There are 2 protein chains.
Amino acid sequence: MKSITALQKARYAYLPKLPSALMQDVKNVVAVKGSATESFADQQAIKQLFPHTYGQPIVSFESGASSATFNPIKVGVILSGGQAPGGHNVIAGLYDGLKKANPQSQLFGFLGGPSGLLEAKYLEVTDSLMDEYRNTGGFDMIQSGRTKLESSEQFDLVLENAQKLSLDALVVIGGDDSNTNGAVLAEYFKAKNSSIQVIGCPKTIDGDLKNQFIETSFGFDTAAKTYSELIGNIARDAMSARKYWHFIKLMGRSASHIALECALQTRPNVTLISEEVEAKQMTLADVVQEIAHSVMKRAEKGWNFGIVLIPEGLVEFIPEIKALIAKLNDMMSEKADEFGAIELEKQPEWVHAQLDAKSAEVYASLPRDIQFQLILDRDPHGNVQVSLIETEKLLSKMVASYLEKAKAEGKYKGKFAPLGHFFGYEGRCAFPSNFDADYCYSLGYTSFLLIANGMTGYISSLRELQRPASEWVAGGIPLTMMMNMERRHGEMKPVIRKALVELNGKPFQYFAHVREKWAVENDFAYPGAIQYYGPTEVCDQTSITLGLEKSK
Amino acid sequence: MKSITALQKARYAYLPKLPSALMQDVKNVVAVKGSATESFADQQAIKQLFPHTYGQPIVSFESGASSATFNPIKVGVILSGGQAPGGHNVIAGLYDGLKKANPQSQLFGFLGGPSGLLEAKYLEVTDSLMDEYRNTGGFDMIQSGRTKLESSEQFDLVLENAQKLSLDALVVIGGDDSNTNGAVLAEYFKAKNSSIQVIGCPKTIDGDLKNQFIETSFGFDTAAKTYSELIGNIARDAMSARKYWHFIKLMGRSASHIALECALQTRPNVTLISEEVEAKQMTLADVVQEIAHSVMKRAEKGWNFGIVLIPEGLVEFIPEIKALIAKLNDMMSEKADEFGAIELEKQPEWVHAQLDAKSAEVYASLPRDIQFQLILDRDPHGNVQVSLIETEKLLSKMVASYLEKAKAEGKYKGKFAPLGHFFGYEGRCAFPSNFDADYCYSLGYTSFLLIANGMTGYISSLRELQRPASEWVAGGIPLTMMMNMERRHGEMKPVIRKALVELNGKPFQYFAHVREKWAVENDFAYPGAIQYYGPTEVCDQTSITLGLEKSK
């Protein structure tokens, strides 16, 4: 038995597709520049903060004589933040571009994310190392990490380590925060008269790094398909056994793109979208009622089973719970000693007595184990760990209570047996779908072209992703262009705006149009496992979200 | 957006492979009979209980002139028990065989499992209905159920309903219990001078219906591959993030075949095998120590992450926990009223005081939330619901305590951050792998041939499954041949022996040989999603368990 599986071996042989403009000698690819750009908002403030990198033009790569020289260069690369399928292919595209242009060029992978840059921990990427990771999932080649590069002390250290290695450029593969930090680093290097270039690549399964120039972040397609496989399998189980309501929580703290995409793929009975819950100022009782509505309607048809999708961050978007959590955080840090002296079993009652009337009422409405979760599982700063709250259990228990009352009032005669699931780690390191494998390789290859053409403070971009890969448009977008000013930890900061689910966007609008039918009928769809081979409509399609967003 | 996904549409077009002996006109397939058979054990007792169906010969189907007449017949089919990928293909194989032999023949699917037989709820299978379910997962075509057919009142009702429909035969697709009941039903019909034949098909993802004649039950291959996909993805995540220990519980109450197969597919650090735990009379502390051993060894290398696989039924195989559960069941039913009067928070202390010294000690050693789970979540008969015990949390908490002590003694310096998962419903209704699609279709087709040749009390059998489908050997095994006498609910009953993991079998022996290395090294393998297309080594392989069992 070998540790290299049959699929992994077969995937090594996959040749990722590139836009046709890039499928020629690098000398025949020209960088075409547009006119000066402005930031997304707060132009004055951003311009002041980025005097050297603000206003750069959008770049696109087309057929034509390149003005770049292809001397040997040294490039560093880091993977930052949570894993997303395809990260290795970004490195492969960058590596292949570098070596194709000049075999003397070198690529260094910093280990464990940004901390590898600070600690000068790295390895040189070689052919044999690269070949072990082509078209595979995970970030295990150089690992990842969550250290944030924000302070000037850190920037100095990065500069020092980069100079020691004689780096010409650094590629930061990360989400909105990491790319924001990349933009600041690019500006910092320029301000320090360093010629080291910084290029970003849009990574996150959450799908919340996107805008008119970044059509999707990589990994979203594969992760959402993996979760949809499982949700579809569970829905088919529910249709067969006809006895359970499955409450399925899905990764995605800030944005509900994953839940929405999975809903479009599998057509569950109820899907909660955090952005809508917040916009409508829904209470926990409203959310419970929405689920119970579906349960009761279906019970009338004799169907005591169904599927509910819940985004991981939901509770933070319910205003009254958000307020309760804020109160708990404040109160627990103020009265830590007093709290510590309370006997375990009496803690919920003590907490209840400390809260204001509104928060106390909300706290009292929660099932007892959730009351305990809110006070016991705190992070080192004493804050409630929202990611550990078992929202799927919280909701199913409250729905059960709601149904008991409805039954007592003669309004409901069904049976309600809920089961909980949480999917996140199952999809972040899947073998990238053909779409993500191609997209990532193209992102990496494009990041090389941006470096070769002297750009800094750019993010690698592929557009027209709804078309076949050969027709994609490769280029670079100035990172400052995607920025605005937002309050973070009490200070106004320049950041890349996080893309939440837009309630007037086409994906949500489609969902809103059909969900009442889905709530009541058995309209489930079963996507099955991601296919890397077979008919093109099975193995080469991208997300429904992207398809709807790009539809006329 | 359609509810029929691209994969489902593509799978409709898949033509399941049959053994070459069956790929000809039914008139050219002859039933070759061996000599009289004996039951697996307790021959006298089984013979007495099955006077009409005991001792029948093994049958195999070969090329040759059939002696069967192919008059129009009516056949009923039921799906019994938990879902397993491929159930629809068994029905498809049966349906196609029936219609090929005589287009006037009819197939009736009884709805919701055995209860459909009792309540005469059924539908007639038609071409268009069948085509909606070919090569799909789930049992949703006619659903399944867990009603057991055991009493003579039930048998009379089944006979009455079958006669009303003028059924010639009944195919029972189920696990060991359902096939045992099928054997009893076949005998009962004979005893009542009914000519209605009964044929079984071996179904269960648990893999515990197998013996020298039944090489594997259907669904095991697909379910284990689906879980292995997820375990591999999580292992890759662990290798990338390098900060979590994932405790993964896998379906399989009685037997640990799934955990073992997933271990062979993914090479996790620790895999617990219930049968070994019982054979070695391991205590909970022993199990905790086995896991902690791996955690500590890996921490010495700086690897504070890993994967632990836990079979769902583990706690029932730990003798001291099994004893505790039995005591709790007795005590809680004896003292139900007294218990009901105890305030919630004081229940664990009350329970503790009622137990004998040994059980009290074990109970006290458990984390508090598990203490609550053991007394709160009881079934309608007042018994502890073992399937609801969160064994993954129980073990990770106890390992954490163990490590805290080791740290205090200076024996461990690592960090331990565990996460729990439970996989079961995710795999029971996946689209069947090519192996399961072919195997199930062949089982169904063979069940038709057994009917056409006048057999009853047989189970459909395909052998030499390690070879390509064209070389499989199709036939039938008398159900009585797989039986012995076992004590069930205090009475000796004739039953098909459940196949547990054999500790001297090749799959376990291989695992035992390599596991110490896996415990310490990063030897993970990443199988990825089930592929239905592509290179044959990617999409046509069956389980490693079967491969090892059939190896010389």
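See the values below:
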item	result
Verdict on B:LEU149 being more than 24 Å from B:TYR445 (Cα to Cα) and buried (at least 21 other Cβ atoms within 10 Å of the Cβ)	yes
The stretch B:85-106: number of residues that are at negative phi, buried (at least 24 other Cβ atoms within 10 Å of the Cβ) and touching an Asp or Glu at 6+ places or on another chain (Cβ under 8 Å)	2
So B:GLY454, is it modelled with pLDDT of 95 or more and more than 30 Å from B:PHE317 (Cα to Cα)	yes
Pairs with Cβ under 6 Å, 6+ apart, first in the stretch B:218-232 and under 23 Å from B:LEU462 (Cα atoms) and more than 8 Å from every other protein chain (Cβ to nearest Cβ), second among the β-branched types (Val, Ile, Thr) and part of a helix (DSSP H, G or I)	B:ALA224/B:ILE258
Candidate set: the stretch A:477-497, residues that are assigned to a strand (DSSP E or B) and touching a Pro at 6+ places or on another chain (Cβ under 9 Å); chosen: the one farthest from A:LEU309 (Cα to Cα)	A:PRO478
Hey, B:ASN161 surrounded by fewer than 24 Cβ atoms within 10 Å (Cβ to Cβ) and touching a Phe, Trp or Tyr at 6+ places or on another chain (Cβ under 9 Å) or not	yes
Sole residue being under 25 Å from B:LYS280 (Cα atoms), modelled with pLDDT under 90 and either of a type in the set (Gly, Ala, Ser) or exposed (fewer than 12 other Cβ atoms within 10 Å of the Cβ) (or both), chosen from B:SER396, B:SER387, B:SER333	B:SER387
When residues of the stretch B:509-552 are limited to those that are within 30 Å of B:CYS429 (Cβ to Cβ) and among the acidic types (Asp, Glu), the one nearest to the other protein chains (Cβ to nearest Cβ)	B:GLU537
Sole residue being under 21 Å from A:PHE189 (Cα atoms) and in the same structural domain as A:VAL172 (by TED's automatic domain parsing), chosen from A:LEU94, A:LEU107, A:LEU98	A:LEU107
Close pairs from the stretch B:339-350: first farther than 15 Å from A:LYS346 by Cβ, partner β-branched (Val, Ile, Thr), Cβ under 6 Å, at least 6 apart	B:GLN347/B:ILE375; B:TRP350/B:ILE342
Meets criteria (of a type in the set (A, V, I, L, M), within 14 Å of another protein chain (Cβ to nearest Cβ) and touching a Phe, Trp or Tyr at 6+ places or on another chain (Cβ under 6 Å)) for A:ALA417	yes
Residue check, B:ILE321 assigned by TED's automatic domain parsing to the domain that holds B:LEU366 and β-branched (Val, Ile, Thr)	yes
Checklist (1) in contact (Cβ under 8 Å) with a residue 60 or more places away in the chain; (2) outside the structural domain of A:VAL288 (by TED's automatic domain parsing) applied to A:ASP379, failing item	(1)
Single condition B:ASN179 does not satisfy, out of (1) surrounded by fewer than 16 Cβ atoms within 10 Å (Cβ to Cβ); (2) away from every other protein chain (no Cβ under 14 Å)	(1)
Pair list, Cβ < 9 Å and 6+ apart or interchain, from the stretch A:405-419 residues that are among the basic types (Lys, Arg) to residues that are in a helix (DSSP H, G or I)	A:LYS411/A:MET296; A:LYS411/A:LYS405; A:LYS413/A:ALA299; A:LYS413/A:GLU300; A:LYS413/A:LYS407; A:LYS415/A:ALA299
Yes/no for A:VAL538 being assigned to a strand (DSSP E or B), in contact with a Lys or Arg (Cβ under 9 Å, 6 or more places away or on another chain), surrounded by 16 or more Cβ atoms within 10 Å (Cβ to Cβ) and not small (Gly, Ala, Ser)	no
Strands (runs of 3 or more DSSP E) wholly inside the stretch B:1-95 that include at least 1 residues being within 14 Å of chain A (Cβ to nearest Cβ)	B:74-79
Counted residues, the stretch A:425-457 - those being in contact with a helix residue (DSSP H, G or I) (Cβ under 9 Å, 6 or more places away or on another chain) and assigned to a helix (DSSP H, G or I)	18
Residues of the stretch B:498-519 that turn out to be more than 21 Å from B:LYS225 (Cα to Cα), in contact with a Ser or Thr (Cβ under 7 Å, 6 or more places away or on another chain) and not in a loop (DSSP other than H, G, I, E, B), as a count	1
Cβ-Cβ under 9 Å pairs, at least 6 apart or on other chains, the stretch A:435-451 side without any contact (Cβ under 8 Å) to a residue 60 or more places away in the chain, far side surrounded by 24 or more Cβ atoms within 10 Å (Cβ to Cβ) and not hydroxyl-bearing (Ser, Thr, Tyr)	none
Unique match (being buried (at least 20 other Cβ atoms within 10 Å of the Cβ), of a type in the set (S, T, N, Q) and more than 14 Å from every other protein chain (Cβ to nearest Cβ)) among B:THR126, B:THR136, B:THR204	B:THR204
Qualifying residue in the stretch A:254-263 (condition: in a helix (DSSP H, G or I), within 12 Å of chain B (Cβ to nearest Cβ), farther than 29 Å from A:GLY93 by Cβ and not aromatic (Phe, Trp, Tyr))	yes
Scan of the stretch B:93-147 for residues that are over 22 Å from B:LYS203 (Cα atoms) and acidic (Asp, Glu), ordered by number	B:GLU119, B:GLU124, B:ASP127
Lone unmet requirement of (1) touching a residue at least 60 places away in the same chain (Cβ under 8 Å); (2) over 20 Å from the mean Cα position of the chain (by Cα); (3) more than 14 Å from chain B (Cβ to nearest Cβ) for A:HIS246	(3)
Among (1) aliphatic (A, V, I, L, M); (2) assigned by TED's automatic domain parsing to the domain that holds B:LYS335; (3) surrounded by 13 or more Cβ atoms within 10 Å (Cβ to Cβ), the one test that B:ALA357 misses	(3)
Yes/no for B:VAL184 being more than 14 Å from chain A (Cβ to nearest Cβ), touching a strand residue (DSSP E or B) at 6+ places or on another chain (Cβ under 8 Å) and closer than 22 Å to B:LYS17 by Cβ	no
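The values are calculated or read from the model by the stated rules, or taken from the named source; none is laboratory data. The structure presented is a predicted model; accordingly, all values stated were derived computationally and were not measured. Heads up, the Cβs are rebuilt from the backbone with ideal geometry, glycines too, and the neighbour counts pull from every protein chain shown.
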